[in-house]
Amino acid sequence: MTSTAEIPEFPMIRAAGCPFDPPPAARALQEETPLARVRLWDGSTPWLVTRYADQRALLADPRVSADVTRPGYPSPAPLPKGGTGISFILMDNPEHARLRKMVTAPFTIRRVAAMRPAVQKIVDDRIDGLLAGPNPVDLVEAFALPVPSLVICELLGVPYADHGFFQENSKVIIRRDARPEERAAGHRALIGYLDQLVGEKLEHPADDLLSGLATRVAAGELTRGEAAQMGVLLLIAGHETTANMIALGTLALLEHPDQLALLRESDDPALVASAVEELLRYLNITHNGRRRVALADIEIAGETVRAGEGLIMANDIANRDPEVFPAGDRLDLTRDAHRHVAFGFGVHQCLGQPLARLELQVVYGTLYRRIPTLSPATDVGKIPFKHDGSVYGVYELPVTW
């Protein structure tokens, strides 16, 4: 029997010199077995599900729970005291469905498609600023972070002037090595901020998502605390993930000049859309895995997962599974990568994926054509990567042209 000390720790770290690839230890487990025990910060040993087909099956299985408060759930960090501040994405139906449906409308494909001209203007304006500003420049601060922040602020009805406040607190919340009290303080700050905004929308509603939530509060369909918590989730997810994809995707393309040339030299929307899906598959910025707990005994991949045992679906290795993505370690913008699980799968898959796709299509289809000589201003070995975050990316990306 394997001792706890011999079980590998999770999360695992990407190898130095291979910043775009999944951790070698996780890839080794994928080659060896469909399910493997891993050890978390609290000493628990949930199952790591290593292969694509098994992950999709479990994420769609009603016998698997996303409820972070259930015993056995493989939480990446201690829960807030009293169980407060839990997002609806960490709940099961019917509560998950009740809350999710209240913010679904703005993220439908049709509604998001109507935002394309506005997103294009934001991207063009920031590129104008790049070209008129210093050279070299940090692409994260000057472009990758402002673009999705401006978009989500417009959608939610959050003043962009407050971006420094919510960006700093967001960074603390998603930093894996943040102390529980630091994370709790950051969360309280954002909850208080969003609660104040919901209160303002109750008095002076506008055409934005927070005003829609405030209307539901006034109708008794939602508590003010629930509305504020949903606002925090959408604000963090709406700028952190896309910002990291913009910067990390740009670095990956600069490191693969043949693939970058495909984007730079084509105005085909289908190629741009394909490139977005392939970069999402290849990079996997959400590298903590989708976490669940079994509600009943489940037979899968020749193993029995017992009720109460935790499960971690590591999407970074699922998206490199050779059974689904041959030569998956190669970036190929012409690949049909639409089956990737970068946004999860099942009822909990990412609500904001249409908006993320739109933003990335506009960015990847515009930036390199408008600045065709864009290049790194430092060696990739000197770029600081976010190994300490639940969202992977780069802290800064010096570029020149």
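Key figures
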item	result
Positions within region 195-215 being closer than 18 Å to LYS101 by Cβ and either surrounded by fewer than 17 Cβ atoms within 10 Å (Cβ to Cβ) or touching a His at 6+ places or on another chain (Cβ under 9 Å) (or both), in sequence order	SER211, THR215
Scope region 125-155; condition among the aliphatic types (A, V, I, L, M), open to solvent by 30 Å² or more (accessible area, probe 1.4 Å) and under 30 Å from HIS204 (Cα atoms); matching residues	LEU150
ASP329 vs. criteria closer than 30 Å to ALA97 by Cα, out of contact with any Phe, Trp or Tyr (no Cβ under 8 Å at 6 or more places or on another chain) and acidic (Asp, Glu)	no
Residue tally, condition of a type in the set (Val, Ile, Thr), closer than 16 Å to ARG126 by Cβ and in contact with a Pro (Cβ under 9 Å, 6 or more places away or on another chain), over region 240-263	2
Test: residue in region 168-186 that is on the phi < 0 side of the Ramachandran plot, of a type outside the set (Val, Ile, Thr) and touching a Leu at 6+ places or on another chain (Cβ under 8 Å)	yes
Residues (crowded, with 20+ Cβ neighbours inside 10 Å and at pLDDT below 95) located in region 156-173	PHE166, ASN169, SER170, ILE173
First in region 96-112 and charged (D, E, K, R) and assigned to a helix (DSSP H, G or I), second anywhere and crowded, with 18+ Cβ neighbours inside 10 Å and modelled with pLDDT under 95, Cβ under 6 Å, 6 or more apart	ARG100/PHE88
Selection status of PRO74, open to solvent by less than 20 Å² (accessible area, probe 1.4 Å) and part of a loop (DSSP other than H, G, I, E, B)	yes
Filter result for the condition that a residue is touching a Pro at 6+ places or on another chain (Cβ under 8 Å), of a type outside the set (Lys, Arg) and at pLDDT 90 or above, over LEU194, LEU209	LEU209
Subset of region 48-67 (residues that are more than 18 Å from ASN319 (Cα to Cα) and open to solvent by 10 Å² or more (accessible area, probe 1.4 Å))	ASP61, PRO62, ARG63, VAL64, ASP67
Which numbered condition GLY192 misses (of (1) of a type outside the set (Ser, Thr, Tyr); (2) over 21 Å from the mean Cα position of the chain (by Cα); (3) open to solvent by less than 70 Å² (accessible area, probe 1.4 Å); (4) closer than 20 Å to ARG369 by Cβ)	(4)
Meets criteria (modelled with pLDDT of 95 or more and either under 14 Å from VAL363 (Cβ atoms) or among the β-branched types (Val, Ile, Thr) (or both)) for ASP128	no
Matching residues, region 11-27, being open to solvent by 30 Å² or more (accessible area, probe 1.4 Å) and either of a type in the set (Val, Ile, Thr) or within 17 Å of the chain's Cα centre (by Cα) (or both)	PRO11, ILE13, ASP21
Checklist (1) within 22 Å of PHE325 (Cβ to Cβ); (2) out of contact with any helix residue (DSSP H, G or I) (no Cβ under 6 Å at 6 or more places or on another chain) applied to ALA237, failing item	(1)
Considering residues of region 334-364 that are more than 19 Å from VAL123 (Cβ to Cβ) and among the aliphatic types (A, V, I, L, M) only, the residue nearest to the chain's Cα centre (by Cα)	ALA342
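The values are calculated or read from the model by the stated rules, or taken from the named source; none is laboratory data. For clarity, every value in this text was computed on a predicted model and none was experimentally measured. Heads up, the Cβs are rebuilt from the backbone with ideal geometry, glycines too, and the neighbour counts pull from every protein chain shown. Heads up: the accessible areas ignore ligands, DNA and RNA and are worked out on the full protein's heavy atoms, side chains in. Shrake-Rupley method; radii C 1.70, N 1.55, O 1.52, S 1.80 Å.
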